[in-house]
1. Just wondering, is there one or more residues in segment 116-124 that are among the hydrophobic types (A, V, I, L, M, F, W, C), within 26 Å of Gly180 (Cβ to Cβ) and in contact (Cβ under 8 Å) with a residue 60 or more places away in the chain?
2. Just the residues that are open to solvent by 50 Å² or more (accessible area, probe 1.4 Å) and at pLDDT 90 or above, please, taken from segment 31-64.
3. Look through Ala171, Ala129 and report the one residue that is open to solvent by less than 80 Å² (accessible area, probe 1.4 Å), of a type outside the set (D, E, K, R) and over 29 Å from Thr58 (Cβ atoms).
4. When you go through Leu49, Leu31, Leu45 one by one, which is the residue that is within 27 Å of Arg174 (Cα to Cα), assigned to a helix (DSSP H, G or I) and of a type in the set (A, V, I, L, M)?
5. Failed condition for Ala123, given (1) touching a Gly at 6+ places or on another chain (Cβ under 9 Å); (2) crowded, with 16+ Cβ neighbours inside 10 Å; (3) under 17 Å from Ile145 (Cα atoms), with all others met?
Amino acid sequence: MIVFEDISKFYGEVLGVNRVTLTISPGVTSLVGPNGSGKTTLMNLMSGLLRPTRGRITILGTPVDHPEELCRKVGYCTQYDAFPPGLTGYQFVHATLGLHGFVGADGRERAQRAIARVGLTDAADRRVAGYSKGMRQRIRLAQAIAHDPEVVVLDEPLNGLDPMARAEMIALFRQLGDEGRYVVLSSHI
């Protein structure tokens, strides 16, 4: 389980989240709320990018302050575009897999499989800089799932998608959840 125990996070004097206690089971879990309600803070805490001011978080038994073990279990797709310049979609996903230790034929196969899963095979050799907003969302999802994590954290993954693309992404989230993964996504929609 994903467990938040009495979590609070302060940014200086500003309270991000206050005394959150939450248990998340396998499947798809959505955090819905307006901008500024703490969704991204919870996701950054869950992925180990932030440390709680108070409380304890464990992801499948792993405390979030054990980054190496946590990174094996969690795939994270941020809401922000941040791609190294000049890379193709395939190069981006493949390079990320290298950070997880997947190199050679295994890394190439995993990258291709993740890109196919998000429906970008035909665009894999194009530069990410030329991708539409929806394609950039998909390639970020591919990098988040390429190392086959048990937990997939998706911050605002539906932003900027047209209705058809949104429906396709939601179907993919459900597939991941049906496989027994923990899929946690946020949205203000």
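The values are calculated or read from the model by the stated rules, or taken from the named source; none is laboratory data. Predicted, not measured: the structure shown is a model, and the values here were computed from it. We place every Cβ from the backbone using ideal geometry, glycine too, and count neighbours over all the protein chains shown. Remember, those area values only see protein heavy atoms, side chains included, never the ligands or the DNA or RNA. Shrake-Rupley method; radii C 1.70, N 1.55, O 1.52, S 1.80 Å.
1. no
2. Hits for segment 31-64 are Val32, Leu49, Arg51, Thr53, Arg54, Arg56, Gly61.
3. Ala171
4. Being within 27 Å of Arg174 (Cα to Cα), assigned to a helix (DSSP H, G or I) and of a type in the set (A, V, I, L, M) holds for just one of Leu49, Leu31, Leu45, which is Leu45.
5. (3) is the only condition that Ala123 fails.
Results for (1) within 19 Å of Leu99 (Cβ to Cβ); (2) charged (D, E, K, R); (3) part of a strand (DSSP E or B); (4) at pLDDT below 95, shown as yes or no for each residue.
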site: Val152; (1), (2), (3), (4): yes, no, yes, no
site: Pro157; (1), (2), (3), (4): no, no, no, yes
site: Gly160; (1), (2), (3), (4): no, no, no, yes
site: Met164; (1), (2), (3), (4): no, no, no, yes
site: Ala167; (1), (2), (3), (4): no, no, no, yes
site: Ile170; (1), (2), (3), (4): no, no, no, yes
site: Gly177; (1), (2), (3), (4): no, no, no, no
site: Val184; (1), (2), (3), (4): no, no, yes, no
